[in-house]
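Notes for the one structure printed next.
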Amino acid sequence: MKTMDETVQSFHGIRLQPPTAFPTPYGGRLVWTLPGKTKILVHLKDKDKIRHRKRWSQVMYMYYLLGHRIMELPIHIDRKAVIAQNTYILAMDGDVDFQPQAVHLLIDLMKKNDTLGSSCGRIHPIGQGD
């Protein structure tokens, strides 16, 4: 959480409010509201509540974003398509170290190429793989 506040402070010169925490069937969710009302959602998986390994986390994120958050909005389907087209998912393990600039570069790449559905750069795990 400290990293989120430091990053926003370095880009926008303001301090973030602490995130709002929500319990979920799979663990928990933290929600930060950034300047301009952009939200960053962090999903925390409790491995005692949901299967671990085999990419279940990615299934969980996709279901949450596409099957729940976007599709249940009370708006026209065309507007839902625009929202889905402008939704980006960054999924990584907790033991991966990256720099915020890498996210900017990734989003720029995805904006330039509408057919790009996913991308994987050089990652450097720092954990033990537990």
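The values are calculated or read from the model by the stated rules, or taken from the named source; none is laboratory data. Bear in mind that the values here come from a model prediction, so they are computed numbers and not experimental data. When we count neighbours, we look across all protein chains shown, and the Cβ atoms used for this are built from the backbone with ideal geometry, even at glycine.
Do we have M60 as touching a Lys or Arg at 6+ places or on another chain (Cβ under 8 Å) and either at pLDDT 80 or above or among the basic types (K, R) (or both) here?
no
Across segment 20-47, which residue is nearest to Y63 (Cα to Cα) among those that are out of contact with any strand residue (DSSP E or B) (no Cβ under 7 Å at 6 or more places or on another chain) and basic (K, R)?
This residue is K47.
When only residues in segment 1-20 that are aliphatic (A, V, I, L, M) and surrounded by 12 or more Cβ atoms within 10 Å (Cβ to Cβ) count, which is farthest from Q99 (Cα to Cα)?
Among those residues, the one meeting the criterion is L16.
Could you count how many residues in segment 1-27 are on the phi < 0 side of the Ramachandran plot and part of a strand (DSSP E or B)?
Of the residues in segment 1-27, 5 are on the phi < 0 side of the Ramachandran plot and part of a strand (DSSP E or B).
Kindly indicate whether Q99 is modelled with pLDDT of 75 or more and under 18 Å from the mean Cα position of the chain (by Cα).
yes
Filter segment 23-36 for residues that are under 30 Å from D48 (Cα atoms) and either surrounded by 12 or more Cβ atoms within 10 Å (Cβ to Cβ) or touching a Ser or Thr at 6+ places or on another chain (Cβ under 7 Å) (or both) and give the result.
T24, Y26, G27, G28, R29, L30, V31, W32, T33
Considering every residue within segment 37-50, establish whether at least one is surrounded by 12 or more Cβ atoms within 10 Å (Cβ to Cβ), touching a Phe, Trp or Tyr at 6+ places or on another chain (Cβ under 7 Å), closer than 24 Å to I83 by Cβ and β-branched (V, I, T).
Within segment 37-50 (the criterion being surrounded by 12 or more Cβ atoms within 10 Å (Cβ to Cβ), touching a Phe, Trp or Tyr at 6+ places or on another chain (Cβ under 7 Å), closer than 24 Å to I83 by Cβ and β-branched (V, I, T)), the answer is yes, since at least one residue qualifies.
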